[in-house]
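Colleague: Below is the structure I would like to discuss, written out as structure tokens.
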Amino acid sequence: MNKVFKNADEAVKDIADGATIMMGGFGLCGIPENCIAALVKKDVKNITCISNNAGVDDFGIGLMLKNRQLKKMIASYVGENGEFERQLLSGELDVELIPQGTLATRCMAAGYGMPAVFTLAGVGTEVAAGKEVRNFNGRDYLLEMAFDSDFAIVKAWKGDKAGNLIYKETARNFNPMMAMAGKITIAEVEELVEPGELDPNIIHTPGIYVHRIFKGTGYEKRIENRTVRKRG
Amino acid sequence: MALTKEQIAQRIAKELQDGYYVNLGIGIPTLVANYIPNGINVTLQSENGLLGMGPFPYEGEEDPDLINAGKQTVTTIPGSVFFDSAMSFGMIRAGKVDLTVLGAMEVSETGDIANWKIPGKMVKGMGGAMDLVAAAKNIIVAMMHTNPKGESKLLPQCTLPLTGVKCIRKIVTDLAVIDITEDGFKLIERAPGVSADEIRSKTVGTLIVDGDIPEMIF
């Protein structure tokens with residue numbers, strides 16, 4: 001089966017209005033820039049997006065927000081996006097804020113074929129509302145359900161034509177679990193190579209999880225908080 | 001004199017022990033890394049997937065793929081390792097991180113913490129804070145003693161939506177080091193020149209002052 005697509009436009013072609021999409025990345029680090037641009041161009045609407053953050057006003061998922069494409073956002077931290085806050089407070093956007101570890105683990109559960117997981121995070125807070133609580137060894141845990149998403153869109157550093165992926169540094173973040181969790185997983189990579197060119201010992205995401213792969217172009221890799229120290 | 005933010009971080013750094021794995025939150029907690037005592041070896045964990053975080057890069061050496069949980073450009077130290085977010089919170093949940101330092105808007109005398117939401121005003125989200133406070137064995141809150149209006153951030157009960165319940169044991173503010181005990185807040189140290197009475201007047205909730213309270217030493 002050929003998994004290789006020409007570009008982002010081709011890879012996201014069948015994503016329709018109302019789809020649920022997981023989007024890898026932490027802040028602007030390791031986000032699928034090409035696919036976000038293609039989704040903005042395609043102008044699909046009523047999207048439910050599962051991603052740790054919502055980008056910034058003029059980049060990342062923020063571009064889809066600005067274009068009013070999102071119906072619901074499931075995230076852990078959305079602090080850097082004014083448009084997000086505006087749409088949330090005005091009720092245009094439905095938002096579910098969940099703990100970051102819970103977000104990661106609900107993706108992981110989906111990829112590991114587990115319907116749900118128990119976690120300590122959020123016990124006794126508003127996150128626990130309506131959720132089953134179970135006591136193990138004297139401590140309360142919340143039952144959190146695996147995510148169910150139509151598409152997972154991830155960004156990797158290197159990939160091969162079999163869909164095997166390697167991520168770079170902290171751009172790994174949510175990408176591996178999301179790659180495992182999508183009914184259809186789309187990977188955009190900086191370098192696309194032939195099978196056999198990547199060392200099987202260091203592959204992070206086995207190709208079985210990846211349905212579509214393409215070589216991305218023009219990565220901006222914007223830095224959200226540029227912090228440096230002086231020499232000497 | 002009330003402590004500066006740097007001095008709060010400096011005081012917290014004295015709690016570090018050799019071999020600790022430490023997670024530092026955004027704001028004052030991040031500054032703790034600047035005051036790690038000589039001879040103490042600690043490894044910094046950043047929950048976006050890095051163990052062995054180094055200082056900020058030199059100008060021109062910033063790497064957009066290498067950031068910390070505050071989305072700041074950082075570096076690695078020899079022996080560092082990258083991992084995904086599930087593993088990162090796995091090690092946090094499993095209690096492998098020895099110390100977590102984070103900021104707060106409010107802390108209650110029973111150890112509840114609120115730091116993620118002001119209804120109707122601020123909706124930034126909890127990020128990793130709920131996972132960290134639920135799981136960490138050892139959490140220190142770094143914060144100013146009062147809010148910008150001068151109201152105590154130490155309270156009998158939190159008024160804001162909670163991040164975690166009965167999880168905080170120690171607070172370091174610009175005025176004091178305070179432990180949270182079965183009986184409420186307990187004053188452990190005072191900022192230099194700040195009296196126990198002043199601390200009491202700026203603390204809402206039970207404050208136990210047992211005998212002479214020493215000043216912090218830097």
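Colleague: What is segment A:97-172 by shape, rounded, prolate or oblate, if you read a ≥ b ≥ c off the alpha carbon gyration tensor as root eigenvalues and call it rounded for a/c under 1.5, prolate for a/b larger than b/c, and oblate otherwise? Write down the numbers at each step before the final one.
Modeller: Numbers: a/c = 2.69, a/b = 2.38, b/c = 1.13.
Verdict is prolate for segment A:97-172.
Colleague: With θ set to phi - 60° and the Karplus curve 6.51 cos²θ - 1.76 cosθ + 1.60, what are the ³J(HN,Hα) couplings of segment B:174-187 in order, to the nearest whole Hz, using x for Gly and Pro?
Modeller: Couplings: 5, 10, 7, 9, 10, 9, 9, 10, 3, 9, x, 5, 10, 6 Hz.
Colleague: So what's segment B:94-167 giving for Cα Rg divided by 2.2 N^0.38 Å, two decimals? All intermediate terms of the calculation are to be shown ahead of the outcome.
Modeller: Details: Rg = 12.1 Å, N = 74, 2.2 N^0.38 = 11.3 Å.
Computed over Cα atoms of segment B:94-167, the ratio equals 1.07.
Colleague: Be a star and scan segment A:1-39 for residues whose amide nitrogen sits under 14 Å from the point 7 Å along the Cα-to-Cβ vector of A:K215.
Modeller: A:4-8
Colleague: Output the pairs from A:K66/B:K121; A:K41/A:K230; A:K158/B:K117 with a Cα-Cα distance over 31 Å in this structure; if there are none, say none.
Modeller: Details: A:K66/B:K121 21 Å; A:K41/A:K230 42 Å; A:K158/B:K117 38 Å.
Distance filter (> 31 Å) returns A:K41/A:K230; A:K158/B:K117.
Colleague: So what are the ³J(HN,Hα) numbers for segment B:134-148, from phi and the Karplus equation (6.51, -1.76, 1.60; θ = phi - 60°), rounded to whole Hz, Gly and Pro as x?
Modeller: For segment B:134-148, the Karplus curve yields 6, 9, 5, 6, 9, 10, 10, 8, 10, 7, 6, 5, 10, 7, x Hz.
Colleague: Quick one: net charge of B:I26's neighbours, Cβ under 13 Å, K/R +1, D/E -1?
Modeller: Details: positive: B:K5, B:K71, B:K124; negative: A:E80, A:E224, B:E47.
Here the count lands on 0.
Colleague: Sort A:M22, A:M64, B:M1 by Cβ crowding within 10 Å, fewest neighbours at the top. Intermediate results must be reported in sequence, preceding the final value.
Modeller: Working: A:M22 27, A:M64 24, B:M1 10.
So the ranking, lowest neighbour count to highest, is B:M1, A:M64, A:M22.
Colleague: OK, next. For a quick check: sort A:M114, B:M91 by the number of other beta carbons within 10 angstrom, fewest at the front. List each step's numbers first, then the result.
Modeller: Values: A:M114 13, B:M91 17.
Fewest to most other Cβ atoms nearby, the residues stand as A:M114, B:M91.
Colleague: Determine the shielding of peptide B:172-182 by partner chains: average, over its residues, the number of Cβ atoms on other chains within 10 angstrom of each Cβ.
Modeller: 0
Colleague: Residue-wise, which Karplus ³J(HN,Hα) couplings in Hz belong to segment B:55-68, taking 6.51 cos²θ - 1.76 cosθ + 1.60, θ = phi - 60°, and x for glycine or proline?
Modeller: Values, residue by residue: x, 4, x, 5, 3, x, 10, 5, 10, x, 8, 10, 10, 9 Hz.
Colleague: Just the number, please: percent antiparallel of the DSSP beta bridges in the protein assembly as shown, rounded to the nearest 5.
Modeller: Numbers: 35 of 83 bridges.
The antiparallel fraction comes to roughly 40 percent.
Colleague: Let me ask something else. Per-residue counts of other Cβ atoms within 10 Å, averaged by peptide: what ranking do you get for B:187-195, A:29-37, B:148-156, B:136-144, highest first? The partial results should precede the final answer.
Modeller: Numbers: B:187-195: 16.9, A:29-37: 26.3, B:148-156: 14.6, B:136-144: 21.6.
Top to bottom by mean Cβ count within 10 Å: A:29-37, B:136-144, B:187-195, B:148-156.
Colleague: How big is the gap, in Å, between the Cα center of segment B:61-94 and the Cα center of segment A:16-76?
Modeller: Answer, in whole Å: 23.
Colleague: Another question about this same structure. If you add up the charges near B:N138, with Lys and Arg at +1 and Asp and Glu at -1, over every other residue whose beta carbon is less than 9 angstrom from its beta carbon, what do you get?
Modeller: Numbers: positive: B:K137, B:R169, B:K170; negative: B:E15, B:D98.
Net of charged neighbours comes to +1.
Colleague: Per-residue Cβ counts within 10 Å, from other chains only, averaged over A:34-45: what number is that? Could the numbers behind the result be given before it?
Modeller: Numbers: counts 0, 0, 0, 0, 0, 0, 0, 0, 0, 0, 0, 0.
The shielding value for this peptide is 0.
Colleague: Pull out a ≥ b ≥ c, the square roots of the eigenvalues of the alpha-carbon gyration tensor of segment A:108-232, then state rounded if a/c is under 1.5, prolate if not and a/b is larger than b/c, and oblate in the remaining case.
Modeller: oblate
Colleague: What net charge do the residues around A:I202 carry, taking every other residue with its C-beta under 15 Å from that of A:I202, with Lys and Arg at +1 and Asp and Glu at -1? Please list the in-between numbers first.
Modeller: Numbers: positive: A:K158, A:K168, A:R172; negative: A:D160, A:E169, A:E191, A:E197, A:D199, B:D84.
Net local charge, A:I202 excluded: -3.
Colleague: Is the shape of segment B:1-125 rounded, prolate or oblate, going by the alpha carbon gyration tensor and its root eigenvalues a ≥ b ≥ c, with a/c under 1.5 for rounded and a/b larger than b/c for prolate? Let's see the in-between values first.
Modeller: Values: a/c = 1.41, a/b = 1.23, b/c = 1.15.
Cα axes put segment B:1-125 in the rounded bin.
Colleague: Just want the ordering: B:I113, B:I92, A:I203, from fewest to most Cβ atoms lying within 10 Å of their own Cβ. Mind dumping the intermediate values first?
Modeller: Values: B:I113 29, B:I92 25, A:I203 18.
Ascending number of Cβ neighbours within 10 Å: A:I203, B:I92, B:I113.
A short reminder: the numbers here are calculations on the coordinates, not readings from a lab. Computed from a predicted model, the values in this text were never measured in an experiment. Positions of Cβ are backbone-derived with ideal geometry, glycine not excepted, and every protein chain shown enters the neighbour counts.
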